[in-house]
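Asker: Dropping the structure in here first, questions after.
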Amino acid sequence: MKNILTLLFLGFGLIATAQETYSLSDESSLTVDGTSTLHDWTVTANTMSGTAKAEGSAPKEIDFEVVVADIISERGATMDKKMHDALKKEDYPKVFFKLTEVKDQSTVVGTLNIAGQEKTVEIPVKIDLSEGSLKFMGEQKITLQDYGMEPPTAMFGSIVVGDDVTVKFDLVFVKS
């Protein structure tokens with residue numbers, strides 16, 4: 001009996017150590033593209049953090065967050081303020097994603113929390129697990145009103161942001 005318990009303990013120890021841990025690299029990028037009645041626009045997430053775990057060639061965990069205050073446009077402070085207000089920055093200073101499942105190595109499923117609204121999403125991705133890094137590349141269309149956000153307006157309502165945006169990401173996690 002003692003030998004069986006020792007073998008079980010060693011077996012569980014090997015399973016636990018087989019999982020690799022990764023941290024989000026500065027090489028990562030995330031942008032949001034949208035439209036308005038005046039022009040198309042892009043904003044960039046400048047502060048992101050996250051961790052991932054993989055077992056063999058399969059990702060098992062991803063926790064990822066973006067600081068809303070550091071999502072910045074090229075169009076200036078007025079647009080940034082309207083975007084931050086739409087994202088409810090004061091009440092919800094971060095956007096979160098947590099992986100719940102990997103489907104067929106080309107789709108991830110997880111919970112996405114934007115502006116305090118949490119939804120389960122399926123995101124098509126390209127996953128690359130190479131020596132020392134784990135990469136997720138893809139894009140996902142998001143409807144602002146699905147997350148309780150009103151599309152921003154300007155010029156007394158004559159300029160209106162489209163309700164759909166596209167999040168493009170290239171997330172690079174490196175071994176911790």
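The values are calculated or read from the model by the stated rules, or taken from the named source; none is laboratory data. None of the values given here were measured: they were computed from a predicted structure. Don't worry about glycine lacking a Cβ; one is built from the backbone with ideal geometry, like all the others, and counts go over all protein chains shown.
Asker: Return the only residue of Lys126, Lys82, Lys60, Lys119 being within 22 Å of Gly162 (Cα to Cα) and outside any helix (DSSP H, G or I).
Answerer: Lys119
Asker: Name the one entry in Glu122, Glu139 that is of a type outside the set (A, V, I, L, M), in contact with a Ser or Thr (Cβ under 6 Å, 6 or more places away or on another chain) and under 21 Å from Asn46 (Cα atoms).
Answerer: Numbers: Glu122 fails: under 21 Å from Asn46 (Cα atoms).
Selected residue: Glu139, the only one of Glu122, Glu139 that is of a type outside the set (A, V, I, L, M), in contact with a Ser or Thr (Cβ under 6 Å, 6 or more places away or on another chain) and under 21 Å from Asn46 (Cα atoms).
To keep it simple, each residue is scored yes or no on (1) surrounded by 18 or more Cβ atoms within 10 Å (Cβ to Cβ); (2) under 18 Å from Met48 (Cα atoms).
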position	(1), (2)
Tyr92	no, yes
Leu99	yes, yes
Lys119	no, no
Phe136	yes, yes
Glu150	no, no
Val161	yes, no
Asp170	no, yes
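Asker: Related question: Do we have any residue at all in the stretch 44-59 that's under 19 Å from Pro152 (Cβ atoms) and either basic (Lys, Arg) or out of contact with any Leu (no Cβ under 7 Å at 6 or more places or on another chain) (or both)?
Answerer: Yes, the stretch 44-59 contains at least one residue that is under 19 Å from Pro152 (Cβ atoms) and either basic (Lys, Arg) or out of contact with any Leu (no Cβ under 7 Å at 6 or more places or on another chain) (or both).
Asker: Counting only residues that are more than 26 Å from Thr51 (Cα to Cα) and hydrophobic (A, V, I, L, M, F, W, C), which one in the stretch 66-90 is surrounded by the most Cβ atoms within 10 Å (Cβ to Cβ)?
Answerer: Here the answer is Met83.
Asker: Next question, about the same structure. Pairs needed: first member in the stretch 70-85, farther than 15 Å from Pro151 by Cα; second member anywhere, of a type in the set (D, E, K, R) and surrounded by 13 or more Cβ atoms within 10 Å (Cβ to Cβ); C-beta distance under 8 Å; at least 6 residues apart or different chains.
Answerer: That search, which allows pairs on different chains as well, returns Ile71/Asp80; Ile72/Asp80; Ser73/Asp80.
The rows are residues; the columns are (1) out of contact with any Ser or Thr (no Cβ under 9 Å at 6 or more places or on another chain); (2) not basic (Lys, Arg).
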site: Val67; (1), (2): no, yes
site: Lys89; (1), (2): yes, no
site: Leu99; (1), (2): no, yes
site: Ile114; (1), (2): yes, yes
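Asker: Just a yes or no: is a residue in the stretch 64-77 more than 30 Å from Met155 (Cα to Cα) and assigned to a strand (DSSP E or B)?
Answerer: There is at least one residue in the stretch 64-77 that is more than 30 Å from Met155 (Cα to Cα) and assigned to a strand (DSSP E or B).
Asker: I'm trying to understand the selection: among the residues of the stretch 17-45, which are at pLDDT 90 or above, among the polar types (S, T, N, Q) and over 14 Å from the mean Cα position of the chain (by Cα)?
Answerer: Answer for the stretch 17-45, where residues must be at pLDDT 90 or above, among the polar types (S, T, N, Q) and over 14 Å from the mean Cα position of the chain (by Cα): Thr21, Thr42.
Asker: How many of the residues making up the stretch 86-108 are without any contact (Cβ under 8 Å) to a residue 12 or more places away in the chain and not in a loop (DSSP other than H, G, I, E, B)?
Answerer: Qualifying residue count for the region: 1.
Asker: Okay, moving on. Kindly list, by first and then second residue, each pair from a residue in the stretch 134-146 that is in a strand (DSSP E or B) to a residue that is at pLDDT below 95 and of a type in the set (Asp, Glu), limited to pairs with Cβ atoms under 6 Å and residues at least 6 apart or on different chains.
Answerer: Lys135/Asp128; Lys141/Asp164; Thr143/Asp163; Thr143/Asp164
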